[in-house]
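Just so it is clear, none of the values below were taken in a lab; they were calculated from the coordinates. Everything numeric here is computed off the predicted structure, so don't read it as measured data. Every residue, glycine among them, receives a Cβ derived from its backbone with ideal geometry; neighbour counts consider all protein chains shown.
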Amino acid sequence: MNQTEKAPSCHPFRFSQARSLIADLQRPNQTIYWVDFLCSIILGHLTLHTMFWAPYFYGFEPWVIAVIGVSYVVTILLYMRALMFIHELVHLPEKGFTFFRVAWNALCGIFFLVPSFLYYPHVDHHRRKHYGTDHDGEYLPLANRSPWLIVGFIVQALFLPLLALLRFAVISPICWVFPRLRPFVHRHMSTMLVDPFYERPDASPKLMRIVIMQEVLCFTWCVWFLIRGGIMRDRWIDPFWLIAYSVGVGILVLNEFRTLGAHRWNNDGGEMTFEEQLLDSVNFPERPWFTELWGPVGTRYHALHHLFPRLPYHNLGEAHRRLTEGLPADSVYHKTSEVSLTSAIMKLWRRAKDSKRSRPVMVSPENATAVGS
């Protein structure tokens, strides 16, 4: 939090009291995970191929264009939901979910060039001494920077699919041939992050085996993706590339907006207290029928997730209800909620604009007299 900004006065937060209210909600239900993920990814694959095959069979009639438009939106929402299970993989118990992790990578992570190893550093985002600091790759002080950084944060979605293809189709095999490049690539090109200057810690031998195995699978998929048009349709410029790119950009734009609303992004430096971290994170409990579309798999309860990172996503709604009813009316937890994603992003934009206005102007010595006059 900005050093000049103080946390609002409220009832001292008692973690033990909050934990007692949700103690019976800690166990993840494997059936829910499997059914939710498989339905999301399989239906997403079906609607994706509907976009491709509908004009092939029926031309570009008005109703076909409407079907393509609806399928595009539905595909993005379904794939977004399936992809967000990567967040759960980091927090699930190591035992009991091995096959689920394998299935997620096989059906989703490799397909989208986001294998699970890219997200392992997410645990640093939950370390209380790391949150919001240089050790947190998922944080930028957006509220204390130019609002145009927010625009750039969204616009980068146009380039990320191409960078992912470059990472696994070109850079991965280069690392296999020239292993000395591996440490640099691992530190700077192997993490899903918000802060582009974040450096990932070096990998253990066990982790590196996982990285290389997932890289090989991603590389294989990249090769097939690039040559499939020539093999299957004798067309080396594959029209499926445009569909895949547009869907990828759509998912990324939606996720960028979701990320902007996940925090208030107020910290501009050092370590934050627990209550400051909680206040810097956001819940969106209103209109679950809509917020669940852009904040699926529990990500709309981001403040609650930071309070209890291992709480399974399917219990977050009930946990929020219990905490809202059971904690004192002036508890800091009640100050974590926002009405809508739009309002949260608009507030972030205003804070960034206000911060830009209040930022001191740097005056060079040669211009000091002129400015002073």
Quiz item: aspartates and glutamates near residue 206 by alpha-carbon distance under 14 Å, same-chain residues fewer than 8 away left out - which ones?
Solution: none
Self-check item: Estimated FRET transfer efficiency (residue 52, residue 223; beta-carbon r; R0 22 Å; 0.05)
Solution: 0.65
Quiz prompt | Footprinting exposure proxy for 289, 241, 294 (fewest neighbouring C-beta atoms within 10 Å first) | solution = 289, 241, 294
Quiz prompt | Between 0 and 90°, nearest 10: helix 62-83 axis offset from the chain longest Cα axis | solution = 60 degrees
Quiz item: Under 18 Å Cα-Cα from residue 356, which aspartates and glutamates qualify once same-chain neighbours fewer than 8 residues away are excluded?
Solution: 5, 268
Exercise. Sketch the reach of a paramagnetic label on residue 68 as a point 7 Å from Cα along Cα-to-Cβ, and name the residues of the range 242-270 whose backbone nitrogen lies under 18 Å away.
Key: 242-251
Quiz item: Under 24 Å from the Cα of residue 335, which lysines turn up, not counting those fewer than eight places away in the same chain?
Solution: 6, 129, 347, 353
Quiz item: Measuring from the lowest to the highest alpha carbon on each principal axis, how far does the range 222-356 reach, largest first, in angstroms?
Solution: 67, 40, 28
Quiz item: Just one of (i) 63, 46, 35; (ii) 67, 64, 53; (iii) 125, 69, 30 is Cα extents along the principal axes in Å calculated from these coordinates, so which is it?
Solution: (ii)
Quiz item: With the contact rule set at Cα under 8 Å and sequence spacing of 6 or more, what percent relative contact order holds for the chain?
Solution: 26 percent
Exercise. Give me the distance between the Cα centres of the range 63-93 and the range 129-190, rounded to whole Å.
Key: 23 Å
Exercise. Would you calculate, for the chain, the mean residue ellipticity at 222 nm contributed by helices, counting each DSSP H stretch of 4 or more residues as -39,500 (n - 2.57) and dividing by all residues, to the nearest 500?
Key: -17000 deg cm²/dmol
Quiz item: Relative contact order (percent) for the range 29-113, with alpha-carbon contacts under 8 angstrom and 6 or more residues of separation?
Solution: 35 percent
Practice problem: Please report Rg over Rh for the range 1-144, where both radii come from the alpha carbon positions and Rh follows the Kirkwood definition. | Solution: 1.11
Quiz item: For the range 29-113, what does the alpha-carbon gyration tensor say about shape, rounded, prolate or oblate, given a ≥ b ≥ c as the root eigenvalues, a/c under 1.5 as rounded, and a/b over b/c as prolate?
Solution: prolate
Quiz item: Among 113-123, 180-190, 92-102, what's the highest-first ranking by average C-beta atoms within 10 angstrom per residue?
Solution: 113-123, 180-190, 92-102
Quiz item: Helix 240-262 versus the longest principal axis of the chain: what is the Cα-based angle in degrees, 0 to 90, to the nearest 10?
Solution: 10 degrees
Quiz item: So what's the angle, to the nearest 10 degrees on a 0 to 90 scale, between helix 341-358 and the longest Cα principal axis of the chain?
Solution: 60 degrees
